[in-house]
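Read the structure below first, then the notes.
What follows is calculated from the coordinates using simple rules that are stated; it is not laboratory data. Because the structure is predicted, anything quoted here is derived from the model rather than measured. Virtual Cβ from ideal backbone geometry, glycine too; neighbours counted across all protein chains shown.
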Amino acid sequence: MSDHFYRPSEGHRLAHDPFNAIVAPRPIGWIGTRATDGFRNLAPYSFFTALAYTPPLVGFSSNGYKDSVRNAEETGVFTWNLVTRELAERMNATSTTEQVDEFDRAGLAGLDCAEVDAPRVADAPVSFECRTAQVVRLLAADGTPSDNWWCTGEVVGVHIDPALIEDGVYRTELAEPVVRGGGPSAYYELGERFDITRPG
């Protein structure tokens, strides 16, 4: 069987880099922060995931030491906000590199948190309040520093719309979460559910 093989250091020879399309779907890290001067920031990151149960940890990776990473490191806190299909266009509007309040730019109301001094998205059906645990500059295999920064946060507060909970179970599909696909503009809604029981 012949396959499309490439060495990333030599280029992928395709119309768009397939790396982040292959690792799919990727949840969106919609990160809310506040600068030390109080200025609000809201930005989506396509490299985001949950990392551990105890303590509950999440993390996002930034290409460049951008405002979200700087604010999370300097203030020690950030929020993660769930992107739904209804919020997708407004999420996209927050991906600007302009020095603006992205909440205002996207027409989003912000709410204060219970445990951290960072803004969360009022219309997001789920938000995590996080205390920054680590900010790490990622290295290449040879130890060369990259311009990519990994930010890990411990979740210290969780806000959930009660409509997403049935019989004490959070129903992922009810939130209609949006995930990032490949290419410059591809997003997806959560697909069809199926259940598999773990052995023993």
Worksheet item: Just checking, how many residues over the range 62-76 are part of a loop (DSSP other than H, G, I, E, B) and closer than 14 Å to TYR45 by Cβ?
Response: 3
Practice prompt. Look at the range 111-127 and say how many of its residues are under 17 Å from the mean Cα position of the chain (by Cα) and touching a residue at least 24 places away in the same chain (Cβ under 8 Å).
Written response: 9
Discussion item. Residues that are closer than 15 Å to PRO44 by Cβ and small (Gly, Ala, Ser): list the strands (runs of 3 or more DSSP E) wholly contained in the range 77-187 that include at least 1 such residues.
Written reply: 126-139
Worksheet item: Quick one: is ALA175 small (Gly, Ala, Ser), closer than 22 Å to GLU73 by Cα and surrounded by 12 or more Cβ atoms within 10 Å (Cβ to Cβ)?
Response: no
Worksheet entry | Condition check for ALA118: over 16 Å from THR152 (Cα atoms) and in contact with a helix residue (DSSP H, G or I) (Cβ under 9 Å, 6 or more places away or on another chain) | no
Discussion item. So for the range 57-72 (the condition being touching a Gly at 6+ places or on another chain (Cβ under 7 Å) and closer than 17 Å to GLU189 by Cα), does at least one residue qualify?
Written reply: no
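Here's the yes/no breakdown for (1) in contact with a Ser or Thr (Cβ under 6 Å, 6 or more places away or on another chain); (2) on the phi > 0 side of the Ramachandran plot; (3) free of Cβ contacts under 8 Å to residues at least 24 places away in the same chain:
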| position | (1), (2), (3) |
| --- | --- |
| LEU164 | no, no, no |
| GLY168 | no, yes, yes |
| ARG171 | no, no, yes |
| LEU174 | no, no, yes |
| VAL178 | no, no, no |
| GLY182 | no, no, no |
| TYR187 | no, no, no |
| ARG193 | no, no, yes |
| PRO199 | no, no, yes |
Item to complete: Filter the range 96-121 down to residues that are touching a Phe, Trp or Tyr at 6+ places or on another chain (Cβ under 9 Å) and surrounded by 12 or more Cβ atoms within 10 Å (Cβ to Cβ), then give me how many there are.
Response: 7
